[in-house]
């Protein structure tokens, strides 16, 4: 089987020139859009990596930054897939950062779990489990007593109300 030899043009020659011109136009527009997005970033406007909406970075609770920039609305869908791709140490660090951000800007609460009791989750807009920051996930304090913050479980349930 021999490769076909030719000049790289279609039989009529016009289509490739039109395609090339169209490709150049699209490339130029894409470059201009990227320049515009860069200029917006200089003005303090950032873009959610998930929904592509723009937000002012002066609004502290609008965007969460952890390898990607994600708006609050996209967190519930983004977090499960993002956290699965991380190693244990990176995931625990990201969990702590997200839990702190949710508590600070979005009224998230720490729900203390007691053994044998199922926590109420009907009013939860988003929830996640995070390593306890008080006992570093051990469930015990330095004196060896059970951690008061997580009730000895080593984890916390962070719930953002609807």
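Go through the stretch 93-119 and count every residue that is surrounded by fewer than 14 Cβ atoms within 10 Å (Cβ to Cβ), free of Cβ contacts under 8 Å to residues at least 40 places away in the same chain and closer than 23 Å to residue 53 by Cβ.
Counting residues in the stretch 93-119 that are surrounded by fewer than 14 Cβ atoms within 10 Å (Cβ to Cβ), free of Cβ contacts under 8 Å to residues at least 40 places away in the same chain and closer than 23 Å to residue 53 by Cβ gives 0.
Could you go through the stretch 142-156 and let me know if any residue there is touching a strand residue (DSSP E or B) at 6+ places or on another chain (Cβ under 8 Å), crowded, with 16+ Cβ neighbours inside 10 Å and closer than 22 Å to residue 70 by Cα.
Scanning the stretch 142-156 turns up no residue that is touching a strand residue (DSSP E or B) at 6+ places or on another chain (Cβ under 8 Å), crowded, with 16+ Cβ neighbours inside 10 Å and closer than 22 Å to residue 70 by Cα.
Within the stretch 82-92, can you find the residues that are free of Cβ contacts under 8 Å to residues at least 24 places away in the same chain and in a helix (DSSP H, G or I)? Break it down stepwise before answering.
Initially, the stretch 82-92 is screened for residues free of Cβ contacts under 8 Å to residues at least 24 places away in the same chain, giving 82-91.
Those that are free of Cβ contacts under 8 Å to residues at least 24 places away in the same chain and in a helix (DSSP H, G or I): 82, 83, 84, 88, 89, 90, 91.
Readers should treat all values here as calculations from the given coordinates under stated rules, not as data from a laboratory. In this text the structure is predicted, and so the values were computed from the model without any measurement. Here Cβ is always computed from backbone atoms with ideal geometry, including for glycine, and neighbour counts include all displayed protein chains.
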